[in-house]
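So the structure is just underneath, and the comments pick up after that.
The values are calculated or read from the model by the stated rules, or taken from the named source; none is laboratory data. Please read these numbers as outputs of a predicted model, since none were measured by experiment. Counting neighbours? That spans all protein chains shown, and the Cβs are built from the backbone with ideal geometry, glycine included. Keep in mind that these areas ignore ligands, DNA and RNA; they rest on the heavy atoms of the full protein, side chains included. Shrake-Rupley method; radii C 1.70, N 1.55, O 1.52, S 1.80 Å.
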Amino acid sequence: MAKIKLKNIILYAYHGCMKEEREIGSDYIVNVVVDFDMSASSMSDNLSDTIDYVSLNKIIEKEMAVPANLLETVVERIISSIFKAHKTINSVSVEIDKINPPINGSLSSVSVKRKVNR
């Protein structure tokens, strides 16, 4: 089993329950880890035998561009889309950090993380 990690993808998006969050937007950091069998690609050295991380990044960007009230919803959409696009992936872990959330307090971010096995 092998892992591909996409670390600290920085995106601007419009998620949140408050009207201002949906209008103004916010910075987000997304981390994704996929588990897969790399035996074929390690022998062939062909991109078609592995998980293309460019494809993973496009899925993340696409799902982050669709506004949602909850980060939980966006996490689930990303996981579902990755599984749909890549049948050889065994598990997906997605974490989304919302930078400077509108909370009366001192914190740098809030995050939602989920891992799903196929």
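With 0.36 nm allotted per residue and the present C-alpha distance subtracted, the THR88-ASN8 stretch has 26.4 nm of extension available. Pair-distance distribution of the stretch 7-61: all C-alpha pairs, bin width 10 Å, starting at 0; shares per bin in whole percent are 20, 34, 25, 13, 7, 0.
Measuring only protein heavy atoms, the 1.4 Å probe finds ARG118 accessible over about 140 Å². Based on protein heavy atoms only, the chain ends up with 60 Å² per residue of surface accessible to a 1.4 Å probe. Here the relative contact order of the chain, from alpha carbon pairs under 8 Å that lie six or more residues apart, stands at 28 percent. Remark on the stretch 44-93: Rg and Dmax equal 12.2, 43 Å (Cα only).
Listed by chain and number, the lysines placed with their C-alpha closer than 26 angstrom to that of LYS7 are LYS58, LYS62, LYS84, LYS87, LYS98, LYS113, LYS115; residues fewer than eight positions away on the same chain are left out. Relative to the longest principal axis of the Cα atoms of the chain, the long axis of helix 71-85 makes an angle of roughly 20 degrees. The stretch between SER55 and LYS115 holds 19.7 nm of extra length on full extension. This uses 0.36 nm per residue minus the Cα-Cα distance. Helix 53-64 and the longest principal axis of the Cα set of the chain meet at an angle near 30°. One equal scatterer on each Cα of the stretch 1-116, no solvent, Debye formula: the resulting log10 I(q)/I(0) at q = 0.15 Å⁻¹ is -0.65.
Here's the picture: charge each Lys and Arg Cβ at +1 and each Asp and Glu Cβ at -1 in the chain, and of ILE9, ILE89, SER44 the one pushed furthest to the positive end of that dipole is ILE89.
Taking the Cα centre of the stretch 1-43 as origin and assigning +1 to Lys and Arg Cβ atoms and -1 to Asp and Glu Cβ atoms, the resulting dipole is close to 120 debye.
The helix-only estimate of mean residue ellipticity at 222 nm for the chain, built from DSSP H runs of length n ≥ 4 each weighted as -39500 (n - 2.57), is -9500 deg cm²/dmol after division by the residue total. Carbon and sulfur atoms: what percent of the 1.4 Å accessible area of the stretch 18-118 do they account for? The value for the stretch 18-118 is 51 percent carbon and sulfur by accessible area.
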